[in-house]
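The structure under discussion appears below in the form of structure tokens.
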Ligand code: C5P
């Protein structure tokens, strides 16, 4: 219902240029309501329809509601004389497709430009949202699922689909999301919180994913006053926590001893040793949708820390310590039974050579969904620095995808990592909701 639309969203949309693509589904009749909601919020809306869409709703209806001529053809000299298709692609602040059929999704995935709508999608650099609508069997089909996964990987933001009664009589996932939900997704694009302004005072979103992050070094006691540790500053983990809050997540940071302020909106749990970090991780992981192990956990601890301060031995120049292995925290989280395991588990790897190969090996060995590999041989990057470069590797239904991130501020890299991890999370949630978890993704 239009009345469900909040006015704060509406005011941020004034003057925004929305290109609405409509393809051939019965849900096309709901596009009329989407146009109305956008227009009421002050948007400038231009509609492009595929040939098939016009069998479900007439261009005249959408023209009357948008106040603009509806475009239907790529090879239309008259329309092109008004605003050419490249100009139209550049005009858009946002491209929204609702409804999107299985066929249109497949064509977009392959970068086809065989009609006006697909051509505009290729030519536009604006953020793109897509609301699929199809029969539940078509939605569940592995081909559609593969295509949707690819589309999300290509930076399309998915809206829905919802599950329920379908026009064809089936019940299941594939219904187009309601116009109000689609409108809210568009509005959210213009009101996304910035990294600097974490939403501390806004009401908690009960649907926000819970992200648990380990950060900083651990301290392994030798006696009451001495310990083994490392130079980790915690900056990367803290930047990840801030970036996750900025994306609207509920964030818990399990932090080793660092000299950093807690980012706004983050719940911080301080620990010292790897064993303490391990037990907090085990306690919190079952509540987490996304778990990121960014801590530089000491691999070993003293087998028997001394109860009292160790005395310097006057008769010996050496001191022998017996160390034992610490638990591998991230591997044990990734190995939790399915019901307790966070849907996405992300680890880090510091390498000095053959980064991608070693990282891929670690991804498999630790049972992770994604790994961020740093080249620690580069001076001025990584440990203690404000900058970092990384390889991102993540599992897909087909194998492993990767991307190199050039040297950049840790805050920027953190935002990229969080977005990639959340994309992975939504793809997995989607597959789970569709009852279609591929073997490559169910670790
Ligand atoms: O095996 P390596 O230390 O290179 O793996 C690094 C990754 O594993 C990081 O994500 C780190 O947080 C995690 N890790 C862990 N527990 C350990 C050692 C590493 O969670 N004991």
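Rule-based calculations on the coordinates, nothing more; no lab input. All of these numbers come straight from a predicted model, not from anything done at the bench. A quick note on method: Cβ atoms are made from the backbone with ideal geometry, for glycine too, and the neighbour counts reach across all protein chains shown.
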Gain in span if fully extended, residue 14 to residue 402, counting 0.36 nm per residue against the direct Cα distance: 135.8 nm
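Peptides 414-424, 141-151, 50-60: what's the order by average Cβ count within 10 Å, highest mean first? Numbers along the way, then the final one.
On the way: 414-424: 21.8, 141-151: 18.4, 50-60: 16.6.
Listed from highest to lowest mean packing, they are 414-424, 141-151, 50-60.
Let me know the shape class of the chain, please: from the alpha-carbon gyration tensor, a ≥ b ≥ c as square roots of the eigenvalues, rounded when a/c is under 1.5, otherwise prolate if a/b is greater than b/c, or oblate.
Values: a/c = 2.50, a/b = 2.35, b/c = 1.06.
It is prolate, given that a/c is not under 1.5 and a/b is the larger ratio.
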Rounded to 5, percent antiparallel among DSSP beta bridges of the range 217-350: 35 percent
Antiparallel DSSP beta bridges within the chain, percent to nearest 5: 35 percent
Rounded if a/c under 1.5, otherwise prolate or oblate - the range 65-122, Cα gyration tensor axes: prolate
Rounded if a/c under 1.5, otherwise prolate or oblate - the range 13-88, Cα gyration tensor axes: oblate
Relative contact order (percent, whole number), the chain, Cα cutoff 8 Å, 6+ residue spacing: 11 percent
Whole-Å distance, taken between Cα centres, linking the range 106-160 and the range 58-91: 21 Å
Fewest-first ranking of 105, 228, 130, using other Cβ atoms within 10 Å as the exposure measure: 228, 105, 130
Label-point gap, in nm, between residue 162 and residue 75 - each point 7 angstrom along Cα→Cβ: 4.0 nm
Rounded tilt (10° steps) of 142-153 against the dominant C-alpha axis of the chain: 70 degrees
Order of 168, 294, 121 under a 10 Å beta carbon neighbour criterion, fewest first: 168, 121, 294
Nearest 10 degrees, 0 to 90: helix 410-433 Cα axis against the chain principal axis: 60 degrees
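If we count other beta carbons within 10 Å of each Cβ, what is the order of 14, 406, 101, fewest first?
Working: 14 11, 406 7, 101 21.
Lowest count first: 406, 14, 101.
Ranked highest first by the average count of other Cβ atoms within 10 Å around their residues, in what order do 319-331, 252-264 fall?
In decreasing order of mean packing, 319-331, 252-264 become 252-264, 319-331.
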Highest-MSF residue in the chain out of 404, 349, 390 [GNM, Cα springs under 10 Å]: 404
Label point distance in nm, residue 262-residue 231, each placed 7 Å from Cα along Cα→Cβ: 2.9 nm
Residue-averaged 222 nm ellipticity for the chain, from DSSP H runs of 4+ at -39500 (n - 2.57), nearest 500: -9500 deg cm²/dmol
Cα-based helix-to-principal-axis angle, 235-246 vs the chain, degrees rounded to 10: 30 degrees
